[in-house]
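The values are calculated or read from the model by the stated rules, or taken from the named source; none is laboratory data. Remember, it's a predicted structure, so these values are computed and weren't measured experimentally. Ideal geometry is used to build each Cβ from the backbone, glycine not excepted, and the neighbour counts take in all protein chains shown.
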């Protein structure tokens, strides 16, 4: 019998020059002496905050428990499959690109870095840069980098709360200020910085430009309307289904049951992130755990069923790894 249970994760606050000292409205009352850009929730080095496994990292637990923790859907049975984090851009991020699986494997890495962004909050006028403008060639983009005008060739789009954006590996991208993003990605931190507005940080032009793809499926995800569930007091929105991850948004006023197995029989660890409100994650025979705004709970695959019982109400994202054969999502730019 596995000794796993729902794991409340300690966030790791990562300083970045484009970040902010005030992480409201997600972490109200948290002020830092340095600029924080990211709060990592399920990285390899993120540690458990509750129960007998307190202080253990996800990399340690994945190596020890394998499929019991991560499920049979992820390819790598010894690595936690998804890295999830909050992003707090207060200034423009560097213009960057991540390799896709094929490009990463050519240089000896296990996987690339495809990701998606859920817009938790956005001020009026908040923008992201996603891909190059139509007709811009890689040669033109490289010349613009050297001329210090690379951002002029990006496809900039306004973003609004509640949107989901798919960023396939090989896509040139950046975030502007004014939004708070929940990022779901493959468990990789390979980032090639292409342009940084003159900041004194290293660029990775050779590897980065070699990773850029001319055609990608990136864009705002086209998704169905939310559905009412469980007596119409709970709402479920299918935010994205993609080859490496699925993300669903739930707004709960009543207790809601969940499973770690999909209809196809694939099992996956379930990652819950509260973006508003508070709830209790419950499993039969195990201690319950509180999930409050900004928290992440990883429910191991071996836990076949669990419930989230809202304390008044909770809005949460539930992410997992799908089974085989999920195509890239339909998007628009």
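Taking the options 134, 177, 124, name whichever one is under 13 Å from residue 333 (Cα atoms), part of a loop (DSSP other than H, G, I, E, B) and either at pLDDT below 95 or out of contact with any strand residue (DSSP E or B) (no Cβ under 7 Å at 6 or more places or on another chain) (or both).
134
Identify, from the list 64, 82, the residue that is touching a strand residue (DSSP E or B) at 6+ places or on another chain (Cβ under 8 Å) and either under 24 Å from residue 259 (Cα atoms) or outside the structural domain of residue 288 (by TED's automatic domain parsing) (or both).
82
Please pick out the residue among 182, 172 that is within 23 Å of residue 245 (Cβ to Cβ), assigned by TED's automatic domain parsing to the domain that holds residue 58, surrounded by 14 or more Cβ atoms within 10 Å (Cβ to Cβ) and touching a helix residue (DSSP H, G or I) at 6+ places or on another chain (Cβ under 8 Å).
So the residue among 182, 172 that is within 23 Å of residue 245 (Cβ to Cβ), assigned by TED's automatic domain parsing to the domain that holds residue 58, surrounded by 14 or more Cβ atoms within 10 Å (Cβ to Cβ) and touching a helix residue (DSSP H, G or I) at 6+ places or on another chain (Cβ under 8 Å) is 172.
If a residue must be within 14 Å of residue 213 (Cα to Cα) and assigned to a loop (DSSP other than H, G, I, E, B), how many such residues does segment 100-121 contain?
Residues flagged as within 14 Å of residue 213 (Cα to Cα) and assigned to a loop (DSSP other than H, G, I, E, B) within segment 100-121 amount to 4.
Go over the candidates 237, 188 one by one and state the one that is outside any strand (DSSP E or B), surrounded by fewer than 23 Cβ atoms within 10 Å (Cβ to Cβ) and under 18 Å from the mean Cα position of the chain (by Cα).
188
Which residues, taken from segment 249-260, are assigned to a strand (DSSP E or B) and crowded, with 17+ Cβ neighbours inside 10 Å?
Passing the criteria: 249, 250, 251, 252, 256, 258.
Yes/no per residue for (1) closer than 26 Å to residue 87 by Cα; (2) out of contact with any helix residue (DSSP H, G or I) (no Cβ under 9 Å at 6 or more places or on another chain); (3) surrounded by fewer than 19 Cβ atoms within 10 Å (Cβ to Cβ); (4) not assigned by TED's automatic domain parsing to the domain that holds residue 101:
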| residue | (1), (2), (3), (4) |
| --- | --- |
| 241 | yes, yes, yes, yes |
| 263 | no, yes, yes, yes |
| 268 | yes, no, no, yes |
| 280 | yes, yes, yes, yes |
| 285 | no, yes, yes, yes |
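Residue 220 - would you say it is assigned to a strand (DSSP E or B) and within 25 Å of residue 283 (Cα to Cα)?
Here the answer is no, as residue 220 does not meet what is asked.
Among the candidates 119, 136, single out the residue that is in contact (Cβ under 8 Å) with a residue 12 or more places away in the chain and over 19 Å from the mean Cα position of the chain (by Cα).
Sole residue among the options that is in contact (Cβ under 8 Å) with a residue 12 or more places away in the chain and over 19 Å from the mean Cα position of the chain (by Cα): 136.
Go through (1) touching a residue at least 24 places away in the same chain (Cβ under 8 Å); (2) touching a helix residue (DSSP H, G or I) at 6+ places or on another chain (Cβ under 6 Å) one by one and return the number of the condition residue 77 breaks.
All conditions are met except number (1).
Have a look at 3, 33 and point out the one that is more than 17 Å from the chain's Cα centre (by Cα), modelled with pLDDT under 95 and closer than 20 Å to residue 180 by Cα.
33 is the lone residue from the list that is more than 17 Å from the chain's Cα centre (by Cα), modelled with pLDDT under 95 and closer than 20 Å to residue 180 by Cα.
Could you please let me know if residue 303 is in contact (Cβ under 8 Å) with a residue 40 or more places away in the chain, crowded, with 17+ Cβ neighbours inside 10 Å and in a loop (DSSP other than H, G, I, E, B)?
Considered against the rule, which asks whether it is in contact (Cβ under 8 Å) with a residue 40 or more places away in the chain, crowded, with 17+ Cβ neighbours inside 10 Å and in a loop (DSSP other than H, G, I, E, B), residue 303 comes out as yes.
Please work out if residue 209 is in contact with a strand residue (DSSP E or B) (Cβ under 8 Å, 6 or more places away or on another chain) and closer than 27 Å to residue 23 by Cβ.
No; evaluated as a whole, the condition is false for this residue.
Got a number for residues in segment 311-333 being buried (at least 23 other Cβ atoms within 10 Å of the Cβ) and closer than 20 Å to residue 229 by Cβ?
Residues meeting the conditions: 4.
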